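Take a look at the structure set out below.
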Amino acid sequence: MSWHVSPEMATSYRVGELAGARAASVEAHVMACELCRTLLRPSDTVALERLAMIWDGVEDQVDQPRITFIERLLIFCRVPADEARLLASAPSLQLSWLVALLSVVGGTSLLSQQADRFTLVFVVLAPMLQVVSVAAAYGPHLDPTYELTRSTPYPTTRLLMLRTVAVLAVSLLLTAAAALTLTDEWAAVAWLLPSLALVSVTLLLAKWIDLNLAGSVVCVAYLFAVTSALFNDATVRSIFGGPVQLAAIAVTLVCGLVLFGPNAERAQIRRRS
Amino acid sequence: MSQGVNVTELSKRFARTQALDGVTFRVGDGVTGLLGPNGAGKTTLLRILATVLAPDSGEVQMLGLSPADVRERQQIRRRLGYLPQDPGFQRGFSVFDFIDYVAILKEMSNRKQRRDEVRRVIELVDLTSVSGKRIRALSGGMRRRTALAAALLGDPDFLVLDEPTAGLDPEQRLRFRELVSLAGEGRAVVLSTHQTEDVAALCRDVVVLHQGRIQFQGSPSELTNYAAGKVWFAEQRDPRANLAWRTGDGRYRNLGDPPAGVEAVDPTLEDGYLLLVGLAAEELAA
């Protein structure tokens, strides 16, 4: 052999300071030279630390969890990565759910361009869809890891509320986008306050029954209340007029006070299964 | 050494069904097996021990803490590992994703430490080669091991395993037994199973539950001895036997009070369990 790796060159190689061509020469040489191979063994702390760092980086790349679109969106909105993962796992934040929601509100708003009665259908459906989305965010029947989640120290109430906020934000945004296409300006906003009122009642009921069931109870009661009006040639203004909007504000405030007020027993929200 | 689990007069009712009826027992360090037929109340009991479900009445003390108190319940959960009977998985998650997700729920906030811990438990259940695979593409046994790995996160002081060997092949079951017996050193492990072989191989104590009541608590050998002198072979099903079945060699294995003159054979744990549960069912019917 014409040359051997000098101790200085070996040190430079170990700490990653040797340029590409020279590093390649060293690598080719040590394949055949046992003597020089010993020089390159990570014998000092710097080399061992660097090796550990590189290995950690490789492991991190290999084990990088798959990040969904919703998770990316939450991280973009400054939600910490760990919580973004917990929120994005909500059944009603899955892409399939959001596509279904968009299809219903988008389809109904498009139909309202053809026939006025679909405007009323949109305004009746919109609050119920918000309730269904929130009710599906967490609970024994739709969340596959519900049972396991309940046995972990992560606060259930926190998870429930965080998911509610995330789901509502996305769901309201999609519904509002569809509502913009409605020609009746009152109809375009009339669904919003009743939506908040129904969601508040659902969350309040979750103190005693599980969230999935609470959502079902609220939806059935709401449908029962509006069905009779629908059969009597009702209009958006006659069902969702001023008094109903005021009542919705009152219900939201009362529920909010019970849930988050000074005497709220937040930790007492029951999570039956 | 953990402080174990004390259960006193525990009752739980679902509508018209009395799932647990005054259950009292103690679990110390080591593996305790919970045996019982379907509908005996095993899963209800384990869900209460896993702090997922609250009892209607009675008292539970785990690791010296009471799950009835909100703060103590949080402390218990920090030291608890739970494998549900039917663990669900988030759609699209890989093995690593799922265990990392559970680790976040277990308050492991340091990303480096969390991922190291996730890798450790994946290696423990021998799933390193498939850690990047989607769970829905895995076999039932591998899914079960994934859920077991999640239960082992953070080296918990108390493990609750609901039918952990369901769906595992014999080789996997052997590996599982090795894992659980190691886990049972210096901590309390409660596992429910239909497999009396698992109890015989693993457990220091066994509790037999039938229709919400405890029928037996003791060591596996004591349960085996319950059938001592009550097992015999015959060419025909003996009408005096409480239970009988045809074995591979064509003879009938009879359990019950043997007639005079027949030679009793050594009982197995399964004989003891079947006799106990069979007699309990007869008593309840009467």
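Give, as a single signed number, the net charge of other residues whose beta carbon lies under 15 Å from the beta carbon of residue B:254, with Lys and Arg counted +1 and Asp and Glu -1.
-2
Quick one: P(r) of region A:82-260 from all Cα-Cα pairs, 10 Å bins, percents rounded to integers, in order of increasing distance.
Values per bin, smallest distances first: 10, 37, 35, 15, 3, 0.
Counting only the backbone N, which residues of region B:39-62 are under 11 Å from the spot 7 Å out from the Cα of residue B:13 toward its beta-carbon?
B:56-57
Using the basic label-point model (7 angstrom from Cα toward the beta carbon), what is the residue B:86 to residue B:111 distance in nanometres?
That separation, rounded to one decimal, is 3.7 nm.
Can you compute the FRET efficiency between residue B:57 and residue A:207 using 1/(1 + (r/R0)^6), with r the Cβ-Cβ distance and R0 = 25 Å? Round to the nearest 0.05.
Between residue B:57 and residue A:207 the formula returns 0.70.
Counting only C-alpha contacts under 8 Å and six or more residues apart, can you give the relative contact order of region B:206-286 as a whole percent? Could the numbers behind the result be given before it?
Details: 139 pairs, mean separation 25.8, N = 81.
Once normalised by length, the contact order is 32 percent.
Relative to the longest principal Cα axis of chain A, at what angle does helix A:95-114 sit, 0 to 90 degrees, rounded to 10?
40 degrees
Run the lone-cysteine check on the protein assembly as shown: no other Cys C-beta under 4.7 Å from the residue's C-beta.
Result for the protein assembly as shown is A:77, A:219, A:255, B:203, no neighbouring Cys Cβ within the cutoff.
Taking K and R as +1 and D and E as -1, what net charge do the other residues with C-beta under 11 Å from the C-beta of residue B:228 add up to?
Combined, the nearby Lys, Arg, Asp and Glu give -2.
Please order B:208, A:170 by the number of other Cβ within 10 Å, starting at the fewest.
Starting with the residue having the fewest Cβ neighbours, the order is A:170, B:208.
For region B:55-83 and region B:128-205, compute the distance between their C-alpha centroids and round to whole Å.
Taking the Cα centre of each part, region B:55-83 and region B:128-205 sit 22 Å apart.
Rounded to the nearest 5, what % of DSSP beta bridges with both residues in the protein assembly as shown are antiparallel? Kindly include the intermediate steps, with their values, before the conclusion.
Values: 28 of 47 bridges.
So the antiparallel bridges amount to about 60 percent of the total.
How much net charge surrounds residue B:264 when only the other residues with a Cβ under 13 Å from the Cβ of residue B:264 are counted, with Lys and Arg +1 and Asp and Glu -1? Working shown, then result.
Working: positive: B:230, B:253; negative: B:238, B:257, B:263, B:266, B:271.
Computed value for this residue: -3.
Is there a pair in B:12/B:133; A:207/B:106; B:42/B:133; A:207/B:112; B:42/B:112; B:106/B:133 whose C-alpha atoms are over 29 Å apart, and which pairs would that be? Display every interim value, and only then the final one.
Working: B:12/B:133 40 Å; A:207/B:106 24 Å; B:42/B:133 32 Å; A:207/B:112 37 Å; B:42/B:112 38 Å; B:106/B:133 23 Å.
Listed pairs above 29 Å: B:12/B:133; B:42/B:133; A:207/B:112; B:42/B:112.
So for B:116, A:82, fewest C-beta neighbours within 10 Å to most, what's the order?
B:116, A:82
Taking Cα pairs under 8 Å and at least six residues apart, what relative contact order does region A:82-260 come out at, in percent?
Computed over region A:82-260, the figure is 28 percent.
Could you tell me the ratio Rg/Rh of chain B? Both radii from Cα atoms, Rh via Kirkwood. Provide the component values of the computation, followed by the final result.
Values: Rg = 20.7 Å, Rh = 20.3 Å.
Using Cα coordinates only, the ratio equals 1.02.
Could you quote the convex hull projected area for region A:7-63, Cα atoms only and averaged over all directions, in nm²? Before the final figure, lay out the partial values.
Working: hull surface 17.5 nm².
With every direction weighted equally, the projected area is 4.4 nm².
Read-outs: derived from the displayed coordinates by stated rules, not from any lab. From a predicted model like this one, the values you see are computed outputs, not experimental measurements. Backbone-built Cβ (ideal geometry, glycine too); neighbour counts: all protein chains shown.
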